[in-house]
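The values are calculated or read from the model by the stated rules, or taken from the named source; none is laboratory data. Computed from a prediction, not measured in an experiment: that's the story for all the values here. Here Cβ is always computed from backbone atoms with ideal geometry, including for glycine, and neighbour counts include all displayed protein chains.
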Amino acid sequence: MARARATCQLISRSLAHKSESYTATVSAPRIAMESVGLARPLQLLRLRRQFAVPVFAIGLQRSMSSASSSSSPPQSNKEQQTWANTAANVAALEREELQRYLQTMTRDSQELRDQIRTVHEERVELGIQMTELQQQIAGQTKELHELVERMAMEQVGLHDRVQRQDRPETGGQGRMVYRPESDFASRQPTHICELGHTSLAEMSVMGNHPAQRERLLREIMCADGTSWDDAHKVLIAFDKYNERYYWMESLPYRFGMTLAIVSAIGGTLMVFSGPIAYWYALQVAGEDLPDGVKDVNDLTVNQVGSWTWTWMEPMIGTASFVLLCCQFGRAQAGKMNMKSYGEIILQWRADRLSAKFPNYDRSMVRAWGKHMPRVGLNFFPVYESNVGLRGPTTGL
C-alpha cells in the first residue's frame, strides 16, 4: 500500500514537472508567434497546457486521497496485492495518457515551429520585394527627372538667362541670345522617323507626304509585328500596286504639257520666223508678202511679226480667251467644292489601295495613297520603291 501511494505521488510530481518544463519550452516563441498572426493557435495551446496536465495530476491525487480516506487499508496479503495491481494499472493507464498527450503537444509544437518558419521566410521574401520596389522607384524617379530636364530644354522660355556684360538692364536688351551646347545639338532629329506620333499626325493632317509615309510604316509594324526595315518591303508592295495605272492616270497631264510646249514654240515661230510665216501665209492664211517686198528674207524679225500679226492675232487672242474662260470655270468649280480631275484620280487610287490591303488602317493607307510620284527631267516617275529607306526628301 505504501509503495503504491509512493508511486502515485511520484507520477503526480512527474506530471507537474513536465508541465512546468513544457511551459518553459513554449513560452520563448510566444511573442514571435503573436506578432506574426498566430494568436489563435497559441491561445488554444496555452489553454491546453495550463489545464490539461494540472487537472490530470490533481484528479489523480484526489482519487488517491479519496480512496485512502474512504476505506481503510487492506490487512490481508490478497487485498494488498489487489490494491497494488489496481494502482499499477491506473499508473500504466495514466502513463499512456500522458505519453499521448505529450506526443500531441509535440506535434502541435512542431506545427507551430513550421508556421513560424514559413512566416519568417515570407517576411524575408517580402523584405526582398520591398527592396526591389524601392530600387525601381528610385530608378523611375531618376528617369522622370531626366525627362523633365529634357522637356525643359525644348521650351524656349525655360532656358537659362545669359546677362550681357556691357548692359546692366534686366530686359531684352540686357540678355544674350541663347546658344545651344554640343550635347543638346547632338540630339536633334535628322530624319522624320525620329519624330513622335503627335508631330507626325499634325504634319500628316497638313498634307506632308513623308509624314504620311512614316505613319503608314508604323501601322505596318504594329499590324504585322515586324521591324521598321522590314516594313519597307510591305510598303514597296503598296507602291507597286498603287502605280499600276500610273501612265494612264497621268496621260492627260502629259498630253496637256506637250500641247502647251508645242503651242508655245509653234506660235512663236509662226509669228516671228520668216520661212515658217511665209509658208503658213501662202498655204493656210492665203496672204502675200507686203507691198514692195519680193523675198521674205528681206524682212527683219519685227517686220515679220508686224506682217503675220494680221492673221495670228485673232487665233492667239481666241486661244487666250478660251484658256481664260476655262480658268474662270475652274475657279468657280473650286468655290463649289467640286473635285477636279486630279482629285478624282487621287481618291480612286486611295480607295483602290485601301480595298486591296484591308488589314491596315484605312485612313492611313488612303492618306498615303493620295499622292502622285514626282517626275524627273526625263519625264519618268520616281517611285518610292526606288528611294530606299530614307524615302522622299523631308526637309530635315
Check segment 286-304 and report whether any residue there is among the small types (Gly, Ala, Ser) and either surrounded by 11 or more Cβ atoms within 10 Å (Cβ to Cβ) or under 51 Å from the mean Cα position of the chain (by Cα) (or both).
no
Residue hits (segment 289-312; touching a Gly at 6+ places or on another chain (Cβ under 8 Å) and not aliphatic (A, V, I, L, M)) are ASN297
Under 8 Å between Cβ atoms, which residue pairs at least 6 apart in sequence (or on different chains) link something in segment 321-336 that is assigned to a helix (DSSP H, G or I) with a partner that is not hydrophobic (A, V, I, L, M, F, W, C)?
ARG330/SER340; ALA333/SER340; GLY334/SER340
Can you tell me which residue among GLN134, GLN140 is under 30 Å from the mean Cα position of the chain (by Cα), in a helix (DSSP H, G or I) and under 30 Å from PHE184 (Cα atoms)?
GLN140
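Here is a yes/no grid of residues against (1) aliphatic (A, V, I, L, M); (2) within 18 Å of SER204 (Cβ to Cβ); (3) not assigned by TED's automatic domain parsing to the domain that holds TYR360; (4) not in a loop (DSSP other than H, G, I, E, B):
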site	(1), (2), (3), (4)
ARG218	no, yes, yes, yes
CYS222	no, yes, yes, yes
ILE236	yes, no, no, yes
MET248	yes, no, no, yes
ARG254	no, no, no, yes
ALA260	yes, no, no, yes
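Here is a yes/no grid of residues against (1) at pLDDT 90 or above; (2) surrounded by 10 or more Cβ atoms within 10 Å (Cβ to Cβ); (3) at positive phi:
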| site | (1), (2), (3) |
| --- | --- |
| SER69 | no, no, no |
| ALA87 | no, yes, no |
| LEU93 | no, yes, no |
| SER109 | yes, yes, no |
| THR131 | yes, yes, no |
| GLN173 | no, no, no |
For residues that are closer than 14 Å to GLU214 by Cβ, among the small types (Gly, Ala, Ser) and either surrounded by 15 or more Cβ atoms within 10 Å (Cβ to Cβ) or at pLDDT 90 or above (or both), tally how many sit in segment 339-396.
2
Of (1) over 30 Å from GLU343 (Cα atoms); (2) at pLDDT 90 or above, GLN283 satisfies all except one. Which?
(2)
Give the residue that is surrounded by the most Cβ atoms within 10 Å (Cβ to Cβ), with candidates limited to residues of segment 234-261 that are polar (S, T, N, Q) and touching a residue at least 12 places away in the same chain (Cβ under 8 Å).
ASN242
Kindly indicate whether ALA319 is at pLDDT 90 or above, surrounded by 10 or more Cβ atoms within 10 Å (Cβ to Cβ) and within 37 Å of the chain's Cα centre (by Cα).
no
Filter pass, TYR360 being closer than 23 Å to GLY207 by Cα, more than 29 Å from the chain's Cα centre (by Cα) and in contact (Cβ under 8 Å) with a residue 40 or more places away in the chain:
no
Check on ALA264, surrounded by 14 or more Cβ atoms within 10 Å (Cβ to Cβ), among the small types (Gly, Ala, Ser) and not in a loop (DSSP other than H, G, I, E, B)
no
Which residue, of ALA223, ALA231, is under 30 Å from ASN359 (Cα atoms) and in contact (Cβ under 8 Å) with a residue 60 or more places away in the chain?
ALA223
